[in-house]
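Worksheet: one structure, shown below.
Every number in this text was worked out from the coordinates using simple rules, so none of it is lab data. Because the structure is a prediction, the values reported are computed rather than measured. Methodologically, a virtual Cβ is constructed for each residue, glycine included, from the backbone with ideal geometry; neighbour enumeration extends over all protein chains shown.
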Amino acid sequence: MTRLQNSFRDFLLETDPEIFAAIAGEELRQQQGINLIPSENYTYPEVLAALGSVLTNKYCEGYPGRRYYAGQTFADRVENAARERACRLFRAEHANVQPLSGSPMNQAVYLAFMKPGDTILGMDLSHGGHLTHGAPVSHMGQLFNFVRYKTRPDQAGAIDFDEVRRLALETHPKIVLCGYTSYPREYDYAAFRSIASEVGALAMADVSHVAGMIAANVLPNPLDAGFDIVTTTTHKSLRGPRGGMILCRKQYAKQIDNSVFPGLQGGPHMNSIAAAAIAFRKAEETEFQNYARQTLANARALAEALSRAGVTLVTGGTSNHMMVADTIASFGIDGRQAEETLERIGIATNKQVIPDDPNPPLRPSGIRIGTPASTTRGMAEADMARIAGWIVDALRHSADTTRLFRLASEVKELSVAFPIPGFDNLPW
C-alpha cells in the first residue's frame, strides 16, 4: 500500500504539479487548523479508496437488475449492498442511494409528489432552514409555494407548534417538512407527524446534519415516529462521501425511484455509492456510536464555555452538534469579519444568518460552529474549553495582529497533536 501511495503522489506531482500543490496545500491546511464548520468532517481512508476506484469508469443508469448498459454485475452488488445497509442502519423500508448530493435528493422528493404551485410547509431559512427548503432564491422556492414557520428566539429557539398547526390548516400543504442547517435544537418529530396527519400531508424530514447521531441512536429517528420520507446527505456527521440518500416507506418507493431516475438524474456515481456503503457499515460499529456521543458532549462543552465567556448563542445553547453565535451582539463585528478573523488563527467556522437577520447573507450577524470534525480527530471536552477561549480572545481583539499571531501558534500546536485519521493512508 505504501508503494502504491508513493506512486500515486509521484505520478500526480510529475503530471500535474499545479493540482498536486493545491491538494498537498489543502492536506496541510486541514492538519494544521481546527475545523468547526458543522457540515464538514473527515472521512475514512476506505471511503477515499472507493472514490478513486475503477467504479468511477462505469455508467449505471437505472437500478440493480434494470440497467440501460451492460456490465453491471459488480455495480449491482455495490448498490444493493448500499441500499440494504442503509435500510438496516436507519430502520427504513426502502432506500434510494443515487442522489448526487443534498439539493437533488430534496428536489427529487418534491417533484415526486408535487405539481408546480403546490404548497410545502418548511422552516424559514434565517431560523435554521436550508436553501432547498424553499428559499426564494432557489429554483424550488420559485416552483412551489413554500410557507415558512419560524422559531421563538425569546423561548430558546422553541418551535410554536400551535402556529405550525395554524399555518398547516390555513394553507393545506402537501408536505410538512422539518429539517435544518443551522438550528441547534432537536425536533419534536411526533408533533410534526401529528400535524401532517391532520391535514393529510406527507411528513418529511431532512436530517442531513444529524444523520450520524441518528444512525448511532443518540438522537431520535423520525422514521420511528412514523415519518413517510427522510432525506440525508452521506457526509457531515455520517463521515461518508459527498452524496445524498432518500429513505421512505415502501408504498412510496416507486415514486421516489422514478423521480430520481429518470426524472431528475442520469447515471449515478457508483464510486460514491460504494463509498457510502462503506460508511454505513462503519456507522454500525461501537466505535462510531462512541464518536456520536462524544460529538454531542463536545458541542455541549463548547456551547457552555462560550456562554460563560459572555457569547450570545441564538438558542441559548445546543441540543445537537452545532450552535450559532450572534457576533454583533457579542463582539460588535458581523459574521463575515468573525469568520475571517478566526480563519487567521487557524479556526474554520462559517458566517451565518440569525433569526430575522437584518443583515444580508454575505455579511450576516453570526457564525455557525459545530463539533463533528474536531471530534473525529479525538478532541474532547477539555479541548473544547481551550478552543472557546481562543474564539473569544480572537474576536474581542480582532485588530490586534500580535495577539492573533500568538493565538495562531497555539491553535496549530493543538491541531498537530490530533492527527487527522487516515491521512497516513491516503491513496494518492
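For segment 283-298, state whether one or more residues are of a type in the set (V, I, T), surrounded by fewer than 19 Cβ atoms within 10 Å (Cβ to Cβ) and within 14 Å of N217 (Cβ to Cβ).
yes
Spot the failing condition for R281; the list is (1) under 30 Å from R396 (Cβ atoms); (2) touching a Leu at 6+ places or on another chain (Cβ under 9 Å); (3) touching a residue at least 24 places away in the same chain (Cβ under 8 Å), and only one is missed.
(1)
Taking segment 228-262, which residues are in contact with a helix residue (DSSP H, G or I) (Cβ under 6 Å, 6 or more places away or on another chain) and assigned to a helix (DSSP H, G or I)?
S237, L238, Q255, I256, S259, V260
Could you check, for segment 154-169, whether at least one of its residues is of a type in the set (S, T, N, Q), surrounded by 15 or more Cβ atoms within 10 Å (Cβ to Cβ) and not in a loop (DSSP other than H, G, I, E, B)?
Restricting attention to segment 154-169, the residues satisfying the condition of being of a type in the set (S, T, N, Q) are 155.
When the remaining residues are screened for being surrounded by 15 or more Cβ atoms within 10 Å (Cβ to Cβ), the result is none.
No.
Quick check: is even one residue across segment 132-145 closer than 24 Å to I37 by Cβ, touching a Lys or Arg at 6+ places or on another chain (Cβ under 9 Å) and in contact (Cβ under 8 Å) with a residue 60 or more places away in the chain?
Yes, that holds for at least one residue.
Quick test for you: out of A211, A216, A225, pick the one residue that is in contact with a strand residue (DSSP E or B) (Cβ under 9 Å, 6 or more places away or on another chain), more than 18 Å from Y110 (Cα to Cα), surrounded by 19 or more Cβ atoms within 10 Å (Cβ to Cβ) and small (G, A, S).
Testing whether each residue is in contact with a strand residue (DSSP E or B) (Cβ under 9 Å, 6 or more places away or on another chain), more than 18 Å from Y110 (Cα to Cα), surrounded by 19 or more Cβ atoms within 10 Å (Cβ to Cβ) and small (G, A, S) leaves just A211.
Could you check, for segment 69-78, whether at least one of its residues is under 24 Å from the mean Cα position of the chain (by Cα) and on the phi < 0 side of the Ramachandran plot?
Yes, because at least one residue in segment 69-78 is under 24 Å from the mean Cα position of the chain (by Cα) and on the phi < 0 side of the Ramachandran plot.
For residues that are over 17 Å from the mean Cα position of the chain (by Cα) and within 20 Å of A50 (Cα to Cα), tally how many sit in segment 276-301.
Residues flagged as over 17 Å from the mean Cα position of the chain (by Cα) and within 20 Å of A50 (Cα to Cα) within segment 276-301 amount to 6.
Could you check segment 207-248 and list, in sequence order, the residues that are over 20 Å from Y187 (Cα atoms) and basic (K, R)?
Within segment 207-248, R239, R242 meet the criteria.
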